[in-house]
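The values are calculated or read from the model by the stated rules, or taken from the named source; none is laboratory data. Because the structure is predicted, anything quoted here is derived from the model rather than measured. For neighbour counting, all protein chains shown are included, and Cβ atoms are generated from backbone atoms with ideal geometry for every residue, glycine included.
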Amino acid sequence: MRGRLPGANDVGVSRGAWRAGDRERHLSSHRSGGRVGAVVERRVPRWSEFSELIRPRRLTGDATDRRLARAATIPDLREIARRTVPRAVFDYTDGAAGAEISYRRSREAFERVEFCPSVLRDVSAVDPSTSVLGARSALPLVLAPTGFTRLMHTEGEPSVARVAEQAGLVYGLSTMGTTSPEALAAAAPGGRRWFQLYLWRDREASEQVVERARAAGFEALVLTVDTPVAGPRLRDVRNGFTIPPALTLRTVANAARHPRWWLDLLTTEPLEFAALSSWGGTIGELVDKVFEPAATLADVAGLRERWPGKLVVKGVQSAEDARAVVDAGADAVVVSNHGGRQLDRAPVPLEQLPAVVHAVGDRAEVYVDGGVLDGGDVVAAVALGARAVLVGRAYLYGLMAGGERGVARAVDILAAEIARTMQLLGVASVAELTPQRARLRA
Ligand SMILES: Cc1cc2nc3c(=O)[nH]c(=O)nc-3n(C[C@H](O)[C@H](O)[C@H](O)COP(=O)(O)O)c2cc1C
């Protein structure tokens, strides 16, 4: 308490000008209900007291380090990201489909969570680790597959994979990722990696990419099934967003405000897609090539026969479909509406979760995603039955805000929030996160 000025909460604890008799006068003014300012004697502040309050912060690291260190939450990282990258890139990442109702509802569901804590439990040490597909994960968290990641920052997927490796988490590389499976494996050889697959119209090309993922040591295939066609991303339409970004008059004007991002784009390796060694077509052609509107359950069963590793089906939105894909051989399902980027007004994953968990029982693991921006969201989803939670935007905001360091900051923030929420809930391990610990308010 050294050197603090007297205030309403620390009567009598400071030194110096707080003189005998002041305390009695201060209290009597409270007792009589009078205004404190009316009776407390004032004086001229002394420089010696003032100077103790001035503590210039030592500048450590570069501007990015300092910006990231000041971010206390994922929304803080989002705000830094918004200022750092061109608007079209931020909107591509942050946006959702249609009127973005699916995404908003996912967020609202997390806001409706009410925790049920127990007190007087020993939570001096908490263990937030769990088992995901038979191996340890340091947190009940998976870094979700996201397309075009090198657009957000040239450090792209390899940086996300390195952070995941360091943190003991799984990372999923997208078919639409901008790093090849081989390059990703080389970037984080000790990390756990899953390969996300869209069923291609061209089955032969699809099989080739699956084979490349297998050879590069990807332990699981994540088949995304909520994408028979691309969702209507209206922000992208309005921004005239293309991949690679086109230098139109408007983007050049915007580039003047984000020269660093454009410099990085133009002076580093051209974007390469995970699945296609070289791609000369437009984004529309790419989407047409990799999305298969005629995919059925038989494709899941076929993949199950060919793929020797674990099979995860991502984008399941009902208990009935979850049961069907598990019957077809899935080891895990992700209750997901693609972060609200596909069908607008889709079911809310957190609300679907308990029914899906009930439907598949212990035959498969159940994960959930969409709108997770806080470690408390992760804890709530686990309590409501998820084995783990996937995050996309949360780490992409970090990536846009500061490359690999930003991704690491995002994971640190989430990890600290998960541990603190568990402690405040009175639970020391993930096994204690049962449905009794969280409910959704009406
Ligand atoms: C920019 C971006 C790109 C994405 N690309 C893919 C993708 O290529 N394949 C896929 O299965 N899911 C993709 N997703 C969905 C994520 O895997 C995940 O389901 C979603 O991000 C979860 O919601 P959240 O971003 O609110 O955490 C993408 C999400 C974002 C934000």
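Taken over segment 418-437, residues that are surrounded by fewer than 20 Cβ atoms within 10 Å (Cβ to Cβ) and touching a residue at least 12 places away in the same chain (Cβ under 8 Å) amount to 10.
Among the residues of this structure, Arg58 counts as one that is modelled with pLDDT under 85, of a type outside the set (A, V, I, L, M), part of a loop (DSSP other than H, G, I, E, B) and under 30 Å from Leu396 (Cα atoms). Counting only residues that are more than 9 Å from the ligand (Cβ to nearest atom) and at pLDDT below 95, segment 135-150 holds 1 of them. Looking at the structure I just gave you, is Thr251 buried (at least 16 other Cβ atoms within 10 Å of the Cβ), away from the ligand (no atom under 16 Å from the Cβ) and at pLDDT below 95? For Thr251, the condition - buried (at least 16 other Cβ atoms within 10 Å of the Cβ), away from the ligand (no atom under 16 Å from the Cβ) and at pLDDT below 95 - is met.
One line per residue, one yes/no per condition, for (1) under 28 Å from Gly302 (Cα atoms); (2) away from the ligand (no atom under 16 Å from the Cβ); (3) surrounded by fewer than 23 Cβ atoms within 10 Å (Cβ to Cβ); (4) among the β-branched types (Val, Ile, Thr):
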| residue | (1), (2), (3), (4) |
| --- | --- |
| Gln166 | no, yes, yes, no |
| Tyr171 | yes, no, no, no |
| Ala185 | yes, yes, yes, no |
| Pro189 | no, yes, yes, no |
| Leu197 | yes, no, no, no |
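Scanning segment 152-162 for residues that are crowded, with 23+ Cβ neighbours inside 10 Å, assigned to a helix (DSSP H, G or I) and more than 9 Å from the ligand (Cβ to nearest atom) gives Gly156, Glu157, Ser159, Val160, Ala161.
Filtered by the rule that a residue be within 18 Å of the chain's Cα centre (by Cα) and aromatic (Phe, Trp, Tyr), segment 70-118 gives Phe90, Tyr92, Tyr103, Phe110. With a requirement of 2 or more residues that are within 16 Å of the ligand (Cβ to nearest atom) and farther than 30 Å from Leu265 by Cα, the strands (runs of 3 or more DSSP E) lying completely within segment 328-442 that satisfy it span 332-335, 365-369, 388-391.
Regarding Arg121, is this residue assigned to a loop (DSSP other than H, G, I, E, B), surrounded by 10 or more Cβ atoms within 10 Å (Cβ to Cβ) and at pLDDT 90 or above? So Arg121 passes the test.
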